[in-house]
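No lab work stands behind these numbers, since they all come straight from the coordinates. This one's a predicted model, so the numbers in the text were calculated from it and none came from an experiment. Positions of Cβ are backbone-derived with ideal geometry, glycine not excepted, and every protein chain shown enters the neighbour counts.
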């Protein structure tokens, strides 16, 4: 069974701090990794995609991928109250017609 | 900005009734998906559709479920005889040929009573 594991949280960080969200996956051959943000009752919204080892930055967001450790992370710099949401890690496993396998998500709370 | 559109936003149906959930994917996208999310649980894959046929389906997607692309713009999910456990948010997603990034519609909340 191909799984994506996330700590469900909540992860609480003060406004302006860095939030660090982590995810592990089970298939070493996976090539595509995504972070989605989901507000309560809403649909997943794509934040970042990453395909190769290392860091990828987009504004306040940085995705990090370590394929040897089967580990993906998302850093949110200068966290804002509007960042409070559930962050979903998703993986496309090889040979799966590009379906996304999601983790359970980590709930982030940014406090004032 | 192009987006995936789903209708209705909320549907209440009686157990045993048929429901059709509708989606209009982004216009130049070729790959279409349905996912569902039971309240408090993770997003689960149901089915993927490409070139007018199912390319993959999960074990959730049994004979009660079907998908169709009746014209050049709509993509539908039909549940033939709804059960209480079908109550969930259903999300449609699409992606284009060249990429792997999938974009989600706003979802349909299905409530089976």
Determine which residues of the range A:1-34 fall in the zone a paramagnetic label at residue A:58 would reach in this model, i.e. backbone nitrogen under 12 Å from the point 7 Å along Cα→Cβ.
-> A:33-34
Kirkwood hydrodynamic radius (C-alpha pairs) into Stokes-Einstein, chain B, 20 °C and 1.002 mPa s, D in µm²/s | 153 µm²/s
When only C-alpha pairs under 8 Å and at least 6 residues apart count, what is the relative contact order of chain B, in percent?
-> 39 percent
Cα extents of the protein assembly as shown per principal axis, largest first, Å, are 49, 36, 36
Would you mind giving the mean number of other chain beta-carbons within 10 Å of the Cβ of each residue in B:100-109, as a whole number?
-> 5
So what is the relative contact order for the range A:1-79, in percent, with contacts set as C-alpha pairs under 8 Å and at least six apart?
-> 33 percent
Under the definition of partner shielding as Cβ atoms of other protein chains within 10 Å of a residue Cβ, what is the mean value for peptide B:9-19?
-> 0
